[in-house]
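Below is one structure, written out as structure tokens; comments come after it.
The values are calculated or read from the model by the stated rules, or taken from the named source; none is laboratory data. This structure is a prediction, so every number in the text was calculated from the model and none was measured. Note: areas computed on protein heavy atoms with side chains; ligands, DNA, RNA excluded. Shrake-Rupley method; radii C 1.70, N 1.55, O 1.52, S 1.80 Å.
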Amino acid sequence: MTDPRTPPPATWQEAFSRLPLASPPAQGWDAIAARLPQPSRPRRWPVWTALAASLLLVVALPLRWLAPDTPVGTAPADDSAVAALQDESARLEALLPLLADDRVASGSAALMSGELELRLAAIDARLRDPTLDARAREELWRSRVDTLLALVQFEGERSWLAAQGSRFDTALVQID
């Protein structure tokens, strides 16, 4: 208790300074800690699982990207070669519309593109023949991929020239 003979404090600061210092009991915190529930050890397996999964992705994805698309050993050698050629043909055909721009073309560029497309149409017509043997079918698919590759390269070159502000010109020599 405070002494009744002392005058009341004039400010809050004086009032608080007159309060006795509070000191905790000697073993107060130990008593409180004993009543609290004990924390369980956190599980660390999610961290290790995430690390293992990311490591698997780092290793497996590049291997998947480098692996051939056709399963190895599921077909005879000729069939797997034809399947690989068909896959390459499909990739090139998917790339061709991205490169080709038929809105504007010079006469010589349209002629070359048309000739390559006619060659593809002739190859496709021969591929429809059900009496083809495996070797002839593989050669036709190889020819189709080569023709598609030439067409994709031609259209890519034409697009590149157009982006540079130039045009396709078949003249070998320019005379001033």
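Here are some notes:
- For LEU132, no residue 5 or more places off, or on another chain, has a built amide H under 5 Å of its own.
- Rolling a 1.4 angstrom probe over region 86-129 with all protein chains present gives an accessible area of which 57% lies on carbon and sulfur atoms.
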